[in-house]
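Structure first, then comments.
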Amino acid sequence: MQFRILGPVEMYDERTGVRILPAGAKQRALLGALVALAGHHVSVPRLIDELWGEHPPANAANALQAHVARLRRHLPAPAPAAGGGGGGQEWISTCPPGYVLRLGGADTDARAFAELAARAQQAAPHAPGRAADLLRQALALWRGPALEGSVLGDICAAEAAQLEEHRLAALELLYDACLRAGRHGEITGELEELTTEHPMREGFYDQLMLALYRCGRQAEALCVYDRARKRLVHELGVEPGPALRARMEAILRHDTALSPPPVPRPAAHPATGLPAAVLGAAAPLTAAGRGEPGAPGAPGGPGAGGGGGPAAAGAWARAAAGAGIQADAGAGAGEVVLALGTEIDRLHRRIEALRLQQRQLLRRFEALTAGAGTPLSAP
């Protein structure tokens, strides 16, 4: 049996697969209040205030008792007690002067959500990808606003507000884990929606700016800051906090701390310590260097007549020198390949940085010329 409050209040009988939805707002509010305070006695006056507020009926205690009786009829029969001795304890017990919901072996979706979020928080520092997956599972338990359609009094209102805050905290932890795991390209759309739904929550703006920057969208990241600042000033009369300002400044100066986490390197070959991919690429050259028949560049093999032996090693050395790499005379082909790959990767990053700077300068130039009323000539 599971009591669900992460959305409309309902009960789910796991033995039969049946969902039970209490009829009427007061029935839902009563169940929601008892689930929120499960295991604790809730007094009759407090439940009356929860259901009717400042306008209770003349016979409020009897009306409450009738609601409790109807709710009990909706609940499935308790599971047999341990040892097979008759039925188990009823779900809602009368404990003068009030009532208590005893979960026994049942669970709530709110508790399951909290447990998954706690596991994710523990995993986040060393396994952000695993943490993100756990948080996705936790957030999938939500079917709508907490206690939807049941918030009539203070008990359900306080519980709904607390659960919503926990949901938002789990979302922030989720996107932080995604950024730490290098999944920035997956979350920009979700963060765009969250900044619209929760415009006063600076954490989502901060995460969106970082995700956009890592996707090579620096101008859009700076526009997010501008949008956040205008909204905060308009709604609250305050400037963005220091964390959001620091993120904007870091983006403007292309701070290396904003770079994505390094991609895990391939496993090294136990004998040489070189990555398996590099060894695979260098294997034909090694065969050619030995002059094995049939090897590329070897006598009788494909490309014979200048591709094998010392000539091949010399070609790799010349290529490395052309890229600005100093290779030892005794370096093997695999080491040269590794050095070339590192240099090419560095050059790619430099080209991308120059492209970003070019776009930024072009936008600034267009803004200045537009403000001065000078028409731009076509490129």
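Here are a few things to note about the model shown:
- A single entry from Glu192, Glu235, Glu220 fulfils the requirement of being open to solvent by 50 Å² or more (accessible area, probe 1.4 Å), over 23 Å from Leu116 (Cβ atoms) and in contact with a Leu (Cβ under 6 Å, 6 or more places away or on another chain): Glu220.
- For the range 1-20, a residue qualifies if it is assigned to a loop (DSSP other than H, G, I, E, B) and loosely packed, with under 14 Cβ neighbours inside 10 Å, and the qualifying residues are Glu14, Arg15, Thr16, Gly17.
- Within the range 21-54, if we keep just the residues that are open to solvent by 50 Å² or more (accessible area, probe 1.4 Å) and out of contact with any strand residue (DSSP E or B) (no Cβ under 9 Å at 6 or more places or on another chain), the residue that is nearest to His67 (Cα to Cα) turns out to be Lys26.
- Scanning the range 155-168 for residues that are closer than 27 Å to Lys230 by Cβ and buried (at least 17 other Cβ atoms within 10 Å of the Cβ) yields a single hit, Arg167.
- Residues considered: Ala60, Ala117. Of these, the only one that is small (Gly, Ala, Ser), farther than 30 Å from Gly182 by Cβ, touching a helix residue (DSSP H, G or I) at 6+ places or on another chain (Cβ under 9 Å) and open to solvent by less than 30 Å² (accessible area, probe 1.4 Å) is Ala60.
- Looking only at the range 174-189, and only at residues there that are touching a residue at least 24 places away in the same chain (Cβ under 8 Å) and of a type outside the set (A, V, I, L, M, F, W, C), the one that is most open to solvent (accessible area, probe 1.4 Å): Arg180
- Some residue of the range 170-182 being of a type in the set (Lys, Arg) and either in contact with a Phe, Trp or Tyr (Cβ under 8 Å, 6 or more places away or on another chain) or over 23 Å from Arg130 (Cα atoms) (or both): no
- Residue identified as acidic (Asp, Glu), more than 27 Å from Leu252 (Cα to Cα) and at pLDDT 95 or above among Glu192, Glu164, Glu202: Glu164
- Condition check for Ala243: hydrophobic (A, V, I, L, M, F, W, C) and open to solvent by 20 Å² or more (accessible area, probe 1.4 Å): yes
- If you check Leu134, Leu152, Leu171, Leu141 for being open to solvent by less than 20 Å² (accessible area, probe 1.4 Å) and either modelled with pLDDT under 95 or touching a helix residue (DSSP H, G or I) at 6+ places or on another chain (Cβ under 6 Å) (or both), only one passes: Leu134.
The values are calculated or read from the model by the stated rules, or taken from the named source; none is laboratory data. Since the model is a prediction, treat every value here as computed from it, not as a measurement. All Cβ positions, even for glycine, are placed from backbone atoms using ideal geometry, and neighbour counts span all protein chains on display. Each accessible area value is taken on the protein alone, full model and side chains, heavy atoms only, with ligands, DNA and RNA left out. Shrake-Rupley method; radii C 1.70, N 1.55, O 1.52, S 1.80 Å.
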